[in-house]
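The values are calculated or read from the model by the stated rules, or taken from the named source; none is laboratory data. Because the structure is predicted, anything quoted here is derived from the model rather than measured. With ideal geometry, Cβ positions are generated from the backbone for all residues, glycine too; neighbour counts draw on all protein chains shown. Heads up: the accessible areas ignore ligands, DNA and RNA and are worked out on the full protein's heavy atoms, side chains in. Shrake-Rupley method; radii C 1.70, N 1.55, O 1.52, S 1.80 Å.
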Amino acid sequence: AVVSTQSTGEEGCSQIISACKDAGLGVVEPFGGYFILVDTSPLGLEFDTSQVEYDVQCVHWLTEHKKLAGIPLSLFFGKNKHISEKYIRLCFAKSEQTLKAGGDIIRDILK
């Protein structure tokens, strides 16, 4: 028998959404796809945005300091980048092990 270690999309989505809500982060729940949008405002991070957008710096900070990889949403908005200023994308099409590790990081993110 073949045993899959890959989570189904719905399960992975639920796990990451639950972790974000537990951490006090706002979430835009998807109706399809493999990404959720997360409002990073509750993190209270401040960056100099005169040269590089907030979400780009936030993703770099999360990767470097928390080992959590995300995608800056402003990259998709062109001249309207301000719309997504504090939002990032998190992918939930991951293995169970990666989802659990990511969920743990997210739940502890404000500590």
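Details
- Checking Ile106 against (1) open to solvent by less than 70 Å² (accessible area, probe 1.4 Å); (2) touching a residue at least 60 places away in the same chain (Cβ under 8 Å); (3) more than 12 Å from Leu43 (Cβ to Cβ), the condition it does not meet: (3)
- Residue, modelled with the highest pLDDT, within segment 1-23, restricted to residues that are exposed (fewer than 13 other Cβ atoms within 10 Å of the Cβ), part of a loop (DSSP other than H, G, I, E, B) and of a type outside the set (Val, Ile, Thr): Ala1
- Residue selected from segment 37-78 under the condition touching a residue at least 40 places away in the same chain (Cβ under 8 Å) and among the polar types (S, T, N, Q), by the criterion nearest to Ala101 (Cα to Cα): Thr40
The rows are residues; the columns are (1) open to solvent by 30 Å² or more (accessible area, probe 1.4 Å); (2) within 23 Å of Leu110 (Cβ to Cβ); (3) not basic (Lys, Arg).
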residue	(1), (2), (3)
Asp39	yes, yes, yes
Glu46	yes, yes, yes
Val56	no, yes, yes
His60	yes, yes, yes
His65	yes, yes, yes
Ala69	yes, yes, yes
Arg89	yes, yes, no
Lys100	yes, yes, no
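- Tally of residues being in contact (Cβ under 8 Å) with a residue 24 or more places away in the chain and either part of a loop (DSSP other than H, G, I, E, B) or not hydrophobic (A, V, I, L, M, F, W, C) (or both) across segment 79-103: 15
- Given (1) modelled with pLDDT under 90; (2) of a type outside the set (A, V, I, L, M, F, W, C); (3) outside any helix (DSSP H, G or I), index of the condition Asp48 fails: (1)
- Within the span defined as segment 67-74, every residue fails to be at pLDDT 95 or above, hydrophobic (A, V, I, L, M, F, W, C), assigned to a helix (DSSP H, G or I) and touching a Gly at 6+ places or on another chain (Cβ under 9 Å).
- Just so you know, in segment 25-36 the residues that are open to solvent by 50 Å² or more (accessible area, probe 1.4 Å) and touching a residue at least 40 places away in the same chain (Cβ under 8 Å) include one that is nearest to the chain's Cα centre (by Cα), and it is Phe35.
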